[in-house]
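Written out below as structure tokens is the structure these notes cover.
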Amino acid sequence: VSTQSTGSSGINAEYGLLDGKLNVKCVACEVFVETLQVLVSLNASSNEIVGLITKACIVLKIEDERVCSYITEEFRDEFITVILRLILHPTWLCYAAIGPSCGEPPDIFTFWNVTIPGNKRTPEPLVRPKDGVPTLKVVQLSDVHVDLEYTPGSITKCGEPLCCRDGKGVSEDQAGFWGSLNAPCDIPLRTYKNALEFISKEIQPDLIFWTGDIPAHNVWKQSRADQINHIQITADLISQYFPNIMVYPSLGNHESSPVDSFPPPGITTEHLSNSWLNHFVEKIWSRWLPPESLETIGYAGYYAVQYSERLRIISLNTQYCDNLNFWLYLDNKDPGNMLKWLVSELSWAERAGVKVIVLGHIPTGRSDCMKRSVGITIESLTGSSRQ
């Protein structure tokens, strides 16, 4: 499996151009990054570095002053530990801060492979099942983003990434009781409960796929305790409304604190490691999953479980391909040995004639999943290489 970088239409990040026009915001961002690199070379203190990043966030109007101040503190340890060890082109950091108009995600991979066993069977053509054969009714819950501080009547257009929490709105600017469409707001807990109640009574699924992103979008001010609280409350409600239904969860990029921070298992320093999250969901998910599936969850947040004699369910920690998981820029070689494990699981299933459903949060075909992981995952699933 090999990878190569491809350009984006209309974007020339090298010169801060967007469709041939000077993108002043991107150029200013690059100036800040170059200044940051000078500070690092002069062994500036972490406070000086974080101060410059906060100022850049405010001056470039990435967010308002309050959000900028909180978000830089939220990412302080990760940024200092990860980014400052790397020599990154300014456009790469500006991509992370501003978005695709300022460049593309870093493509700094070392070349590595996961061995795919040879002598693969020729895939059999799919045949439509006969009428009357047993079926499964599946509900997928994803990106629920429950906001425990959602307040009806509050301001819906607050100028921050998440609103409907503070202040008193007027007329059409008021947060609704069940939620607020066309506004940067998440849903209140009551809406989540109502949805579960409807699903339990009207849909009555045989099983549930719960594929991550549970906490709200206030990513500038979230603690580990906040994330644990969100996961606990939402999981308990699923158990309440579906006491006899099997649930198969996956981690989303918003479950960590900071958001998108999923260091590989080799990072064991307490304030940097993600073991707190892996071990917590291992405990929470154990109500649905058998003991033999829990070890890999506590290790790196992925697992496999045999649903029936002919069906196996695999849940991946797709944050190990997340472009905004900065830890991967230090070491992106199969974090947690997950892809090697996936190949082993799929090889066994193929030999045993078992069908497999693969769950995850970030689809491997999206641009926010690193190309290296995309290629290897697709080859694992299909036996065909893809650049």
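The values are calculated or read from the model by the stated rules, or taken from the named source; none is laboratory data. These numbers were taken from a predicted model, which means no experiment stands behind them. For neighbour counting, all protein chains shown are included, and Cβ atoms are generated from backbone atoms with ideal geometry for every residue, glycine included. Heads up: the accessible areas ignore ligands, DNA and RNA and are worked out on the full protein's heavy atoms, side chains in. Shrake-Rupley method; radii C 1.70, N 1.55, O 1.52, S 1.80 Å.
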Sort 330, 52 by heavy-atom solvent-accessible area, probe 1.4 angstrom, most to least. 330, 52
Accessible area, 1.4 Å probe, largest first: how do 79, 198 sort? 198, 79
Quick calc, residue 137 & residue 66: beta-carbon distance into FRET formula, R0 35 Å, rounding 0.05, result 0.15
With the crude spin-label approximation of a point 7 Å out along Cα→Cβ, what separation in nm comes out for residue 112 versus residue 55? 3.8
Ignoring everything but the protein chains, give the 1.4 Å probe accessible area of residue 276 in square angstrom, nearest 10. 40
Given the range 202-334, what percent of its DSSP beta bridges are antiparallel, to the nearest 5? 55
At 7 Å along Cα-to-Cβ for each site, give me the label-to-label distance between residue 287 and residue 197 in nm. 1.9
How much of residue 29 can a 1.4 Å solvent probe reach, expressed as accessible area in Å² and rounded to 10? 10
Taking 0.36 nm per intervening residue step and subtracting the Cα-Cα distance, what contour gain separates residue 306 from residue 46 on full extension? 88.8 nm
What distance in nm separates the two pseudo spin-label positions at residue 233 and residue 347, each 7 Å out from Cα along the beta-carbon direction? 4.5
Of the lysine pairs in the range 125-199, how many meet both conditions: Cα atoms under 27 Å apart, and a spacing of 8 or more in sequence or different chains? 4
If you take the beta carbon distance between residue 295 and residue 31 as r and set R0 to 45 Å, what does 1/(1 + (r/R0)^6) give as a FRET efficiency, to the nearest 0.05? 0.40
Calculated over the range 174-243: convex hull of Cα atoms, volume per residue (Å³): 114
Efficiency of FRET between residue 76 and residue 130 - r from beta-carbon atoms, R0 56 angstrom, step 0.05: 0.40
